[in-house]
Every structure is written in C-alpha cells, then in structure tokens.
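See below for the structure under consideration.
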Amino acid sequence: MKVIILNDFAFVNGGAGQVAIDTAVMLAKRGIDTCLFTAVGSVEQRLLQVENLRVVCLGQYDILHDTNRLRSVVQGIWNRKAEKALSKLLINYDAKDTIIHVHTCQKALSSSCVWRAKRMGFKVIYHMHDYGIACPNLGFYNYRSRAICKQRAMSGGCLLSNCDVRHYTHKIWRYVRQLVQNYIAQIPQGLDGYIAVSEFSYKILKPYLAGDAFVRIVPNPCPIHVKERVLVEKNTAFIFVGRLSPEKNPMLFAKCAKHMRVPAVFIGDGTEAAAIKSANPEAILYGWIPREDLHAVLQNARCLVFPSAWYETQGLVVAEMAAYGIPAIVSNTSAASDYIKDGNNGLLFESDNERALESCMNRMMNDSYVAQMGACAFESFQTMVPTNEEYMENILEVYQEVLRV
C-alpha cells in the first residue's frame, strides 16, 4: 500500500494540519511509502528526516495571503498548477494499491486535485475536519448574526444569506467555489470514502452524503499522557484554549470572568484579542504556547471554558484538558458536548447565554466540587479519544476497506 496525503500546508497551522502531518509521519514510520502533497510552505524541518516520507510543496500562497488578488480568486476555485503537479506525481503510482487521503484543500490546493485523482482512477478518502464538503462557509455559521446557520447548504436561502465574515461578494465567491466542487470535482458525491471525526459532525453532514456512502468515524487522537492530575481545587484561573475568533466566542467568557472578578487566561490568538483585552483588562493573553511549555501553564488552571458558538467537529481541546484532570464547561451546541457527562466530568450550558455560563463557573468555584470534577475528567480521558496507535489502526483499516471495494 502507498498513501498520498493532500494538505494545503507543509507545516502545522491548526488542528487539521496537525492531524494531517502527524498521520503522514506515523504512516512512514510504519514502513508505508507516504507522500505529503502540499501547496504552501515552508516545509517543517522534522519532515525532511523521516524515512519513507516524501514531501511535495509547490511554494504557492494560500488564498488569504496571496497579494495577487486576481490569482487568489481564480486559484481558490481551481488550482491548475496543483492539479498538473499532482497529475505528474500520480504517473508514478499504481491506482490499485494507492490511497489519496484528503485532509485539507480549501485554502490552497482546491478541489482540482481531487478531480485529477479521480480522473486517473485513484481511490480518494476525504477527512471531514470541517463542514466544507457541504457548507460554502465551511462551518454552518453566520458571521454576521454570530449564530449557527440553519439554512440548507447550497439552497436558495443559503445563496441569499450574507453570512461571510468579510462581505457578501466573498460569500458569492464561496458559493461559486462550492458549485465547482460539487458538480465538477464531484465532492462529496463522487468520493470513495469519508472519515468523520465525531458522531456529532457526522449527523450534521450525513444528509449531504450519498445514501450508500462509505463513512467511518475516527476521532482525532490525543498524544498527551500525564501521570497525575492537576490539583485544580488549589487553583483560581479559568482558561480558554483556542483561536480567538467570533465563532469560538471568547468574548462571552471574558465578560463573565470580568463580571465575576475571577482570573481569566487565554491561550491562543486571533482577531478578538484586542476586544478581549478591552472588555477584561485583567485577563492574561498568552498567545499560542508551544506544547512543551503548555504543561507548566496548565498547572495553574482550575477549569476550561469552551464557549464555542458554532458546531465544531470534535472540540479536541476538551479531551486534551481532561488528560490533565482539568474539567470543562462546554456550550451545549458544540461537538465537544459529546465529551461531557453533565455534572460528572464537566458542565454543559446553553450556548451564548451569559447567565448560564456564570452559573456554571460559580459551581466550579466550590473546591470539593471542582476536585471531584477534575478527578472524573482525568479518569474519563481514557475513553474519550484514541491513542496514536489506535488511531493509526483505524486509519489503516479504512484504507484497506476502500482499496478492496
């Protein structure tokens, strides 16, 4: 078996990128001939030293950072250079024993690569890290109303909805890109298999897949192993971990912490950073912290607040914090709610409801209560997500099943 992984970036730039690159490395270390095909560099240095791993990087810009806006508009819909480069690469592979595993293609590679792979007879598996196989905005979220979008993707209502974070013209561009993806690249109807990262996200995407679609649910792994839990009952800081953007709703937490006069710590960065500091001047904003330094910061955490206003597909950070014995307060409309046994290893609150979040935070102020929650979170982590080894066994099983069809 040989595997070609398609990912927009040759470096980690988020959760999906982390999983894509880690998957490529783990496959190669198992002796599987693996190619990581990307558009945007630079290539992470660690990838250049991995035996059985070939990295192809086209040296392109992603559509957001390309200063040539005309090129980005065209290339974002159909990346001709990437398609031709993949075609040249695939000549050296046998379609009978090669899997094309798509992790991300929306920000640089485009659906042209999927079209080319299918035209050449290769089996293509699409890893549904977001909702982009259906929703032109990738997340079923209206950035104007700051609410989950209930329109059916690509319907007339979807077309008329001004939901884009920038402006309606950009929404129209996204809609056109989705039409090309659906009717030319045949995503999602023409693919050979799909990987969903949670039951939650699969339920949302299922209506957009063919009735006989081959789908397997493979949660993303969590490589964290901690011998002893954080003694959360001795700490005071409530923490937020993730991108500081409207759909993640960090402002709700910032306002609640300010009103309650409790320490608030934000780990991450994004467009909401300045607004958070303005709303809560006493909040601590670390920005992104390297994983090796994160452990020390988390020793001072009492509870994770996960107030996400959109669906999410997995909400892995809730499981990651549970690995440390840090309980979570989670919005009830996000995929991360699947991790929470309300009142056991964390609490659920009504999404975007300030009073409901404050009520949950108040409950976590009780030392014996939060200690019990932390212990339950620490114990429940073992069943939340797979280990790297379990994840790879699941992925290889998917590959083998698709190749047999």
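The values are calculated or read from the model by the stated rules, or taken from the named source; none is laboratory data. All values derive from a computational prediction rather than experimental measurement. Note: ideal-geometry Cβ built from the backbone for every residue, glycine included; neighbour counts use all protein chains shown.
In the stretch 370-404, the residue that is farthest from SER359 (Cα to Cα) out of those that are touching a strand residue (DSSP E or B) at 6+ places or on another chain (Cβ under 8 Å) and aliphatic (A, V, I, L, M) is LEU403.
Looking at the structure I just gave you, is GLY343 in the same structural domain as MET321 (by TED's automatic domain parsing), at pLDDT 95 or above, of a type in the set (Gly, Ala, Ser) and at positive phi? When the stated conditions are applied, GLY343 passes them. Exactly one residue out of LEU179, LEU191, LEU252 is over 30 Å from TYR369 (Cβ atoms), outside any loop (DSSP other than H, G, I, E, B) and among the aliphatic types (A, V, I, L, M), and it is LEU179.
Within the stretch 142-167, the set of residues being over 14 Å from LEU205 (Cα atoms) and touching a residue at least 24 places away in the same chain (Cβ under 8 Å) comprises TYR143, ARG146, ALA147, ILE148, CYS163, ASP164, VAL165.
Of all residues in the stretch 1-19, those that are at pLDDT below 95 and assigned to a strand (DSSP E or B) total 0. Within the stretch 260-273, can one find any residue that is in the same structural domain as ALA377 (by TED's automatic domain parsing), over 21 Å from the mean Cα position of the chain (by Cα) and crowded, with 23+ Cβ neighbours inside 10 Å? Checked the stretch 260-273: at least one residue is in the same structural domain as ALA377 (by TED's automatic domain parsing), over 21 Å from the mean Cα position of the chain (by Cα) and crowded, with 23+ Cβ neighbours inside 10 Å. Within the option set ILE187, ILE195, ILE217, being at pLDDT 95 or above and in contact with a His (Cβ under 7 Å, 6 or more places away or on another chain) holds for one residue only, ILE195. Scanning the stretch 20-39 for residues that are buried (at least 23 other Cβ atoms within 10 Å of the Cβ) and not in a strand (DSSP E or B) yields a count of 6.
Residues in the stretch 284-322 that are more than 25 Å from ILE340 (Cα to Cα) and acidic (Asp, Glu) were compared, and the one that is modelled with the highest pLDDT is ASP293. Residues in the stretch 319-366 that are assigned to a loop (DSSP other than H, G, I, E, B) and either among the charged types (D, E, K, R) or farther than 25 Å from VAL297 by Cβ (or both): ASN332, THR333, LYS341, GLY343, ASN344, GLU350, SER351, ASP352, ASN353.
The residues listed here are GLY325, GLY346, GLY315; of these, the one that is in contact with a Phe, Trp or Tyr (Cβ under 7 Å, 6 or more places away or on another chain) and under 16 Å from ALA371 (Cα atoms) is GLY325. Residue count for the stretch 113-139, restricted to those that are in contact (Cβ under 8 Å) with a residue 40 or more places away in the chain and surrounded by fewer than 20 Cβ atoms within 10 Å (Cβ to Cβ): 2.
Working carefully through the options MET365, MET373, MET361, find the one that is in contact (Cβ under 8 Å) with a residue 40 or more places away in the chain, in contact with a Pro (Cβ under 8 Å, 6 or more places away or on another chain) and not assigned by TED's automatic domain parsing to the domain that holds ARG216.
It is MET373.
Okay, residues lined up against (1) in contact with a Cys (Cβ under 7 Å, 6 or more places away or on another chain); (2) assigned to a loop (DSSP other than H, G, I, E, B); (3) modelled with pLDDT of 95 or more:
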| site | (1), (2), (3) |
| --- | --- |
| CYS222 | no, yes, no |
| GLU233 | no, no, yes |
| SER278 | no, no, yes |
| GLU282 | no, yes, yes |
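For LEU191, the requirement of being touching a helix residue (DSSP H, G or I) at 6+ places or on another chain (Cβ under 9 Å), surrounded by fewer than 15 Cβ atoms within 10 Å (Cβ to Cβ) and farther than 26 Å from ASN345 by Cβ is not met.
Just to be sure, is ASP164 of a type outside the set (Gly, Ala, Ser) and surrounded by 14 or more Cβ atoms within 10 Å (Cβ to Cβ)? Yes, satisfied. Checking each residue in the stretch 256-276 for being of a type in the set (A, V, I, L, M, F, W, C) and either modelled with pLDDT under 95 or part of a helix (DSSP H, G or I) (or both) picks out CYS256, ALA257, MET260, ALA273, ALA274, ALA275, ILE276. Within the stretch 372-379, is even one residue of a type in the set (Gly, Ala, Ser) and out of contact with any Gly (no Cβ under 9 Å at 6 or more places or on another chain)? So far as the stretch 372-379 goes, no, none of its residues is of a type in the set (Gly, Ala, Ser) and out of contact with any Gly (no Cβ under 9 Å at 6 or more places or on another chain). What number of residues within the stretch 62-78 satisfy the criterion of being over 18 Å from ILE5 (Cβ atoms) and either of a type in the set (S, T, N, Q) or surrounded by 16 or more Cβ atoms within 10 Å (Cβ to Cβ) (or both)? Of the residues in the stretch 62-78, 9 are over 18 Å from ILE5 (Cβ atoms) and either of a type in the set (S, T, N, Q) or surrounded by 16 or more Cβ atoms within 10 Å (Cβ to Cβ) (or both).
Annotation note: of LEU298, LEU357, LEU285, the sole residue that is surrounded by fewer than 23 Cβ atoms within 10 Å (Cβ to Cβ) and over 19 Å from the mean Cα position of the chain (by Cα) is LEU285.
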